[in-house]
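Undergrad: Once you've had a glance at the structure underneath, I'll fire off some questions.
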Amino acid sequence: MTIEFKPSPSLPPPQSSVGAVAWIRKNFFSSPLNIALTLFSLYILYLLLPPMVQWALIDATWQGTSKAACTAGGACWAFIGVYFKQFMYGLYPAAETWRVNLALILLILLVAMYAVKAIHKGLLTAVILLVYPVVAFILFAGGMFGLESVETTNWGGLFLTTLLGVVGIVASLPLGVLLALGRRSDMPIVKSVCVVFIETIRAVPLITILFMASVMIPLFLPDGLNFNKLLRVLIGITLFSAAYMAEVIRGGLQAIPKGQYEAADAMGLTYWQSMTLVILPQALKLVIPGIVNTFIGLFKDTTLVYIVGMFDLLGRIQAANHDANWLGTTTEGYAFAGFVYWAICFGMSRYSMAVERKLDTGHKRN
Amino acid sequence: MTERNMALAQLEQGEEAIIQFSDVNKWYGEFHVLKNIDFSVKKGERIVVCGPSGSGKSTMIRCINRLEEHQKGQILVDGIEMNDNLKNIETIRKDVGMVFQHFNLFPHLTILENLTLAPIWVRKTPKKEAEEMAMHYLERVKIANQALKYPGQLSGGQQQRVAIARGLCMKPRIMLFDEPTSALDPEMIKEVLDVMIQLADEGMTMVCVTHEMGFAKTVADRVVFMDAGEIVEANTPHEFFDNPKHDRTQLFLSQILNH
């Protein structure tokens, strides 16, 4: 006679392991060391937070035309208020700043359109990568369609920071992919070119590259063949981060099991098909943390353009600190810069985590 | 007459070999992994390759679609020589399906996308048609209800059946199996073998590296035994299991059959 096997029913977990109290106990008070650390952290917060709030909010001065107006003993935010436009746009003519705003809004709208299902994603990407840069450049530089011409030397502030960051990020990723694939290539010449490029760029500080781009290259180029300094700096920043990007992506390529390459080969996909359809989607997903790391590094490194006489957000703040009316507002300036950079970088980091979660297909390495 | 019988009839009429190894040698660095392999497979034939690990059996079948390159000798597949000519390799790979020990499904694509990838990009089949064909093969391996899941959500046996269906979607003339059940739990081996037996009954040309001797006995037309990079013995299952000619074969059989 056979006996039928019936699995026992699944029961809910015990009450003590779910809910807010259980969460607090598990995360803050799970062991004597954990309790001590929690209490110590609370004490540090007690020491730091009240004076910070006192300085930054309660005793702060929000209105005024010079440092003399700030008498409450707290932060002098009036300084930021007065210089705000310059921090955002540099010396871009005040009457024309709508063009910068319009370009930003356009970009946000275009990116938001990815959420609309009816729109073809490839077409949208082509518009963003090919059409949008032209439109944005015409808006920024002017000189046609009745727009007043604005020299790139007047571009500055957060506008310049964002421009350098976005162009650097968008251009360095594909370049990094090509370099990484090249470095793993079987073709000796392609491989050596990529290795030499990557190792040379990584061995040199960004300042050197920016300095080369802005001062040395014009010396070497024949007269009349000179091109815009902003463009040279953009190329320098892009090449610099592409070298780092290439190594991050190479790490991802190496982490893909050999079986994936073989399966793609065995079904007759060409090299480029197998890379773009099978290998890169997996490799890039694996190294999102490293890619975003490089993006954030690049974004903050753009502050170095100050060295070659371009005034990005930090450059504008430093310049404003020399204003005789506002002497002694360095702390406020740097606090503001720190907050802006933190907000943008934190945003990038959270966004990347959301992308990682979205792309997670519950796959475990086999 | 079934497809299977027709294929056999053609075979008896002396149809040419679809896979032909002539004096094939291969080295990994200094290591001589394939030694003078002379071997042919006729259309519709079902070959089982067995042997101890490291004997070169996987390397041999991987030479058929040039996942491994041989250094000496000649391999003809469907009349085309496998050499450095990329066009030839691509042509053959379209017509030769392969199933791997570790499935090698693409984890970032759904089951359906795994199946339609090659038909769409290599055969240029319209997407809709490719999807219909994919669903047809998924039905056949009894897994159609999982089409929109990702490989990571399936059991090993299910993944391997998907891998077989993925190979079939290219309408291959030859199917290669490289230890398709070695990474599976005992309970899942049968579901994969059943699919392979069904495929064999339909007349597919199959070359299968496996340790499943039951499968070899019931399905194979010929069993090939390899050791140390050489083909020691190749014979019908009946002769191979009941009357092995070679000492090495006898030792191998006594070790895997009596435990």
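Undergrad: Where the second residue is in a helix (DSSP H, G or I) and the first is β-branched (Val, Ile, Thr) and lies in segment B:163-180, which pairs have Cβ atoms under 8 Å and are six or more apart or on separate chains?
TA: Pairs found: B:Ile164/B:Val192; B:Ile164/B:Val195; B:Ile164/B:Met196; B:Ile164/B:Leu199; B:Ile174/B:Ile64; B:Ile174/B:Asp95.
Undergrad: Is there a residue being on the phi < 0 side of the Ramachandran plot, of a type in the set (Gly, Ala, Ser) and outside any helix (DSSP H, G or I) anywhere in segment A:172-186?
TA: Yes: segment A:172-186 contains one or more residues that are on the phi < 0 side of the Ramachandran plot, of a type in the set (Gly, Ala, Ser) and outside any helix (DSSP H, G or I).
Undergrad: Given A:Pro51, A:Pro32, A:Pro9, which one is modelled with pLDDT of 85 or more, of a type outside the set (S, T, N, Q) and under 30 Å from A:Leu327 (Cβ atoms)?
TA: Every option except A:Pro51 fails the conditions.
Undergrad: I've got another one for you. Under 6 Å between Cβ atoms, at least 6 apart or on separate chains: pull out the pairs that start in segment B:38-60 with a residue that is farther than 24 Å from B:Glu202 by Cα and modelled with pLDDT of 90 or more and end on any residue that is open to solvent by less than 10 Å² (accessible area, probe 1.4 Å) and assigned to a loop (DSSP other than H, G, I, E, B).
TA: As it stands, the answer is B:Gly56/B:Gly229; B:Lys57/B:Gly51, since those pairs meet every condition given.
Undergrad: Also: Counting only residues that are away from every other protein chain (no Cβ under 13 Å), in a helix (DSSP H, G or I) and open to solvent by 30 Å² or more (accessible area, probe 1.4 Å), which one in segment B:139-165 is farthest from B:Pro180 (Cα to Cα)?
TA: The qualifying residue farthest from B:Pro180 (Cα to Cα) is B:Asn145.
Undergrad: Hey, could you check segment A:263-285 for residues that are more than 8 Å from chain B (Cβ to nearest Cβ) and without any contact (Cβ under 8 Å) to a residue 12 or more places away in the chain and say which is most open to solvent (accessible area, probe 1.4 Å)?
TA: A:Trp272
Undergrad: Is at least one residue of segment B:68-81 within 11 Å of chain A (Cβ to nearest Cβ), closer than 30 Å to B:Ala216 by Cβ and modelled with pLDDT of 90 or more?
TA: yes
Undergrad: Next question. Is it the case, given these coordinates, that B:Thr236 is polar (S, T, N, Q), under 29 Å from A:Met267 (Cβ atoms) and either open to solvent by less than 20 Å² (accessible area, probe 1.4 Å) or without any contact (Cβ under 8 Å) to a residue 24 or more places away in the chain (or both)?
TA: So B:Thr236 does not fit the description; no.
Undergrad: Yes or no: segment A:112-126 includes at least one residue that is surrounded by 14 or more Cβ atoms within 10 Å (Cβ to Cβ) and among the β-branched types (Val, Ile, Thr).
TA: No, segment A:112-126 contains no residue that is surrounded by 14 or more Cβ atoms within 10 Å (Cβ to Cβ) and among the β-branched types (Val, Ile, Thr).
Undergrad: Right, here's the next one. If we keep just the residues of segment B:104-127 that are more than 8 Å from every other protein chain (Cβ to nearest Cβ) and of a type in the set (A, V, I, L, M, F, W, C), which is nearest to the chain's Cα centre (by Cα)?
TA: Ranking the qualifying residues of segment B:104-127, first place goes to B:Leu115.
Undergrad: Sort out for me the helices (runs of 4 or more DSSP H) sitting completely within segment B:188-259 that have 2 or more residues that are of a type in the set (Gly, Ala, Ser).
TA: B:213-219
Undergrad: Any idea which residue in segment B:204-232 is farthest from B:Leu253 (Cα to Cα), counting only those that are open to solvent by 20 Å² or more (accessible area, probe 1.4 Å) and of a type in the set (Gly, Ala, Ser)?
TA: Here the answer is B:Ala228.
Undergrad: Conditions first: (1) within 16 Å of B:Phe21 (Cα to Cα); (2) more than 13 Å from every other protein chain (Cβ to nearest Cβ). B:Asn65 passes all but one, so which condition is the exception?
TA: Checking B:Asn65 against (1) within 16 Å of B:Phe21 (Cα to Cα); (2) more than 13 Å from every other protein chain (Cβ to nearest Cβ), the one that fails is (2).
Undergrad: Now for a separate question. Can you tell me which residue among A:Gly74, A:Gly64, A:Gly81 is assigned to a loop (DSSP other than H, G, I, E, B) and on the phi < 0 side of the Ramachandran plot?
TA: The unique qualifying residue is A:Gly74.
Undergrad: Okay, moving on. Out of A:Phe87, A:Phe140, I need the residue that is of a type in the set (A, V, I, L, M, F, W, C), part of a helix (DSSP H, G or I), open to solvent by less than 60 Å² (accessible area, probe 1.4 Å) and more than 19 Å from A:Lys229 (Cβ to Cβ). Which one?
TA: After ruling out the rest, the residue left standing is A:Phe87.
Undergrad: Looking at A:Ala171, is it out of contact with any Pro (no Cβ under 8 Å at 6 or more places or on another chain), at pLDDT 90 or above and open to solvent by 10 Å² or more (accessible area, probe 1.4 Å)?
TA: Yes; evaluated as a whole, the condition is true for this residue.
Undergrad: Follow-up question, since we're still on this one. Take B:Arg161 and decide whether it is within 22 Å of B:Asn104 (Cβ to Cβ), among the charged types (D, E, K, R) and out of contact with any Asp or Glu (no Cβ under 6 Å at 6 or more places or on another chain).
TA: For B:Arg161, the condition - within 22 Å of B:Asn104 (Cβ to Cβ), among the charged types (D, E, K, R) and out of contact with any Asp or Glu (no Cβ under 6 Å at 6 or more places or on another chain) - is met.
Undergrad: Mind checking which residues of segment B:181-203 are in contact (Cβ under 8 Å) with a residue 60 or more places away in the chain and in contact with a strand residue (DSSP E or B) (Cβ under 8 Å, 6 or more places away or on another chain)?
TA: Of everything in segment B:181-203, just one residue is in contact (Cβ under 8 Å) with a residue 60 or more places away in the chain and in contact with a strand residue (DSSP E or B) (Cβ under 8 Å, 6 or more places away or on another chain), namely B:Ala200.
The values are calculated or read from the model by the stated rules, or taken from the named source; none is laboratory data. Everything numeric in this text was worked out from a predicted model, so none of it was measured. With ideal geometry, Cβ positions are generated from the backbone for all residues, glycine too; neighbour counts draw on all protein chains shown. To get the accessible areas, we keep the full protein, side chains included, count just its heavy atoms, and leave off ligands, DNA and RNA. Shrake-Rupley method; radii C 1.70, N 1.55, O 1.52, S 1.80 Å.
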